[in-house]
Amino acid sequence: MADQACIDAGYLCSMGVEAVLVQDPGEGGTLPGVLGAPHRLEVPQAQMERAAALLSQRSAAEAAPVLAPVSVPVDAAGLHRFLRFILIYDVICYVAFAVYWQWLNPEPPPAVLEFLDSLTLSVYLWQWAYVSHWPLVMTGLVANVLCYFYHPFGRMLFAAVMIWGHVTLLGPPPMIFSPFEGFFGCLQSTLASMALALMYWSPLRERFTTSHSPRA
């Protein structure tokens, strides 16, 4: 076909071969099996072998099968166990920080407290954070229990608690945390973010939409 002949001629010319498309045989060698009459693709005799090899390589590349992307199976059971581990750890942190607050955070000297209080961003935000503390803790515990059983309302409540908790961080003045609470508190925040991602953007999200009843 003339169209394919033009494509072959253009390809060979782009590779440095002096290919010519003609209707009648002319000077030079004719590539056998490439074109039939009345169109022929001609190249100089000295470039015959290279032209044949180039066309052969291109034909092999075009005939290569297109491989579909390999989908890696997701270990839903592993995600399920990991999510429940996070929820249990979150509950333990809520209880431990609420019960052992004074033990985990020894009170700094009065002069240091006075200086930290002077850095408060807003008295009203501080009051809001103070009033919200226990309701936030209780709501967080309820959200974890509901999410443990894949209740859809628990997932929404879990997200709301995270937003609520981050907003209340603007209220208190700068605080001094012990290394123990700093480590486990940051770990709690990181794992809670991972749990929220699992609930909304992993195969586990279907568990929150297909059933409201407890599932093992």
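The values are calculated or read from the model by the stated rules, or taken from the named source; none is laboratory data. The structure displayed is predicted, hence computed values, not measured ones. Cβ: placed from backbone, ideal geometry, glycine included. Neighbour counts: every protein chain shown. The accessibility values were calculated without ligands, DNA or RNA, using every heavy atom of the protein model including side chains. Shrake-Rupley method; radii C 1.70, N 1.55, O 1.52, S 1.80 Å.
Worth a mention:
- Between Val137 and Glu206, the modelled labels are 4.0 nm apart [label points 7 Å from Cα along Cα→Cβ].
- Between Trp128 and Leu79, the FRET efficiency from the beta-carbon distance, with R0 = 45 Å, is close to 0.80.
- Taken over the alpha carbons of the stretch 110-205 as equal point scatterers, the Debye sum produces base-10 log I(q)/I(0) values at 0.13, 0.20, 0.24 Å⁻¹ of -0.55, -1.05, -1.26.
- Backbone HN-Hα couplings from phi across the stretch 149-154 [Karplus 6.51/-1.76/1.60, Hz, Gly and Pro as x]: 9, 6, 7, x, 5, x
- Residues in the stretch 129-146 carry Karplus couplings, in order, of 5, 5, 5, 7, 4, 5, x, 5, 4, 5, 5, x, 5, 4, 4, 5, 5, 5 Hz; the curve used is 6.51 cos²θ - 1.76 cosθ + 1.60 with θ = phi - 60°, and Gly or Pro positions show x.
- Å² of accessible area per residue within the stretch 110-205, as computed with a 1.4 Å probe and no ligands counted: 61
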